[in-house]
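The values are calculated or read from the model by the stated rules, or taken from the named source; none is laboratory data. Given the structure is predicted, the values throughout are model-derived calculations rather than measurements. Cβ placement follows ideal geometry from the backbone for every residue including glycine, while neighbour counts extend to all protein chains displayed.
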C-alpha cells in the first residue's frame, strides 16, 4: 500500500509534464501505430508466442470489449451522455440473435443486422424518457433501464426461458462450411474442404477474425461519423447544450441518434457473444458488465478510439493472464486503476479536442 501511495504521489506531481509530452508524441505516431496494430491483429493467431486456444479466446474477449467500448464511446465520449445501462443493448442483441435463430432458423448473417436494428430501437426507447435529463439523473435512469431489461429477461419465462437461458444457439459457418468433425450427410466441413486435419481451434480462429472484422467496421464507422454533421453535433452538445440550441441544433434528435447508433453496435456485439458462447442467460448481463464497459471508456479516455483499445487490453486481457493469483489479481486491478486515474485523470489517451477546427486566415 505504501508503494502504491508513493507511486501515486509521484505520478500526480509529474502528470502535467509527462502528459503533455506523451500527448504530442501520440498524435504524431497515431497513423503508424494504428496500422501496426491492425497488421499485428491480423497475424496474431499465427504468431509462435501466441499459440493455443486459450490465448485466442482471451483475444476474442478483449476484442468484444473493444467493440462495446467503441459503441459506448459514441454515447459517453462524443455526446457526453452518461449511460450506466449499456449492457441492456448488449443483452437485446444477444437475445435477438438467439431467439430469431431458434424460431425462424435464420443464419448468423441474417440475424446479425436484425440484432443491431432491435438494439438501436431500444436505444431510441431509452432516449425519449431521458431527453431532459443530465448528469446524475441521467445515470440513474439509464441504470434503471439496464436492470429493467435484465429483470424482464429473467421473468418472461415463456419467451426467454427465464433463468434457464437459451441454449443450442447456432454457430456461424464459413460460407456454408461447418466447423464439425462429422458434418451432415451430403455436406463438407471446413477441414475436409481445405484438406486439413480436424481441430477445434479452426472455429476459434474463425470467431477471432469475425469479431476483429466487426470491431474494425465499428471503428471505421465511428471515425467517419465524427466528421459528419451529426458527429459534430454530438461534440457540440457534449461541450454546451445551451449553446447548441442557440446554433439551431436539435438536442432531441442529436441525443436520440447517439443512443440509437451506440446501442446498435452493442447489439452487434451481443449477437456475436451469443453465437460464440452457444448459451446465454440473464446472469450474463448484470450491472457489473455495464460498469466494466464504462471503465474501459473512461480509463482509456472519453472520445479516444485508441484509448479504448489500450484500456481493454489492460482491464480485460491482463487480468485473464493472472487468474492464478486469485485474490491478488483484484488487488493488482484496483491498484492499476488508482495509478491510472492519478496519473491521467482524463484517461490514458484523452481526446476532447473538436474533430474539425475553423482556421482563421491572416489578412495581408
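The set of residues in segment 191-208 being buried (at least 17 other Cβ atoms within 10 Å of the Cβ) and touching a residue at least 40 places away in the same chain (Cβ under 8 Å) consists of 204, 205, 207, 208. One residue alone among 138, 131 is in contact (Cβ under 8 Å) with a residue 40 or more places away in the chain, more than 22 Å from the chain's Cα centre (by Cα) and closer than 22 Å to residue 238 by Cβ, and that residue is 131. Residue 169 versus (1) part of a helix (DSSP H, G or I); (2) crowded, with 19+ Cβ neighbours inside 10 Å; (3) in contact with a strand residue (DSSP E or B) (Cβ under 8 Å, 6 or more places away or on another chain): which is the lone unmet condition? If we test residue 169 against (1) part of a helix (DSSP H, G or I); (2) crowded, with 19+ Cβ neighbours inside 10 Å; (3) in contact with a strand residue (DSSP E or B) (Cβ under 8 Å, 6 or more places away or on another chain), just (1) comes out false.
Yes/no per residue for (1) touching a residue at least 60 places away in the same chain (Cβ under 8 Å); (2) touching a helix residue (DSSP H, G or I) at 6+ places or on another chain (Cβ under 8 Å):
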| position | (1), (2) |
| --- | --- |
| 309 | yes, yes |
| 314 | no, yes |
| 324 | no, no |
| 328 | no, no |
| 333 | no, yes |
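Residues of segment 185-219 that are within 20 Å of residue 275 (Cα to Cα) and part of a loop (DSSP other than H, G, I, E, B): 199, 200. Looking only at segment 172-184, filter to residues that are over 26 Å from the mean Cα position of the chain (by Cα), in contact (Cβ under 8 Å) with a residue 12 or more places away in the chain and assigned to a loop (DSSP other than H, G, I, E, B); which one of those is nearest to residue 272 (Cα to Cα)? Only one residue fits best here, namely 179. Exactly one residue out of 75, 130, 117, 141 is surrounded by 24 or more Cβ atoms within 10 Å (Cβ to Cβ) and either in contact with a helix residue (DSSP H, G or I) (Cβ under 8 Å, 6 or more places away or on another chain) or modelled with pLDDT under 90 (or both), and it is 75.
Is there a residue in segment 111-124 that is closer than 22 Å to residue 264 by Cα and either touching a strand residue (DSSP E or B) at 6+ places or on another chain (Cβ under 8 Å) or not in a helix (DSSP H, G or I) (or both)? No, because not a single residue in segment 111-124 is closer than 22 Å to residue 264 by Cα and either touching a strand residue (DSSP E or B) at 6+ places or on another chain (Cβ under 8 Å) or not in a helix (DSSP H, G or I) (or both).
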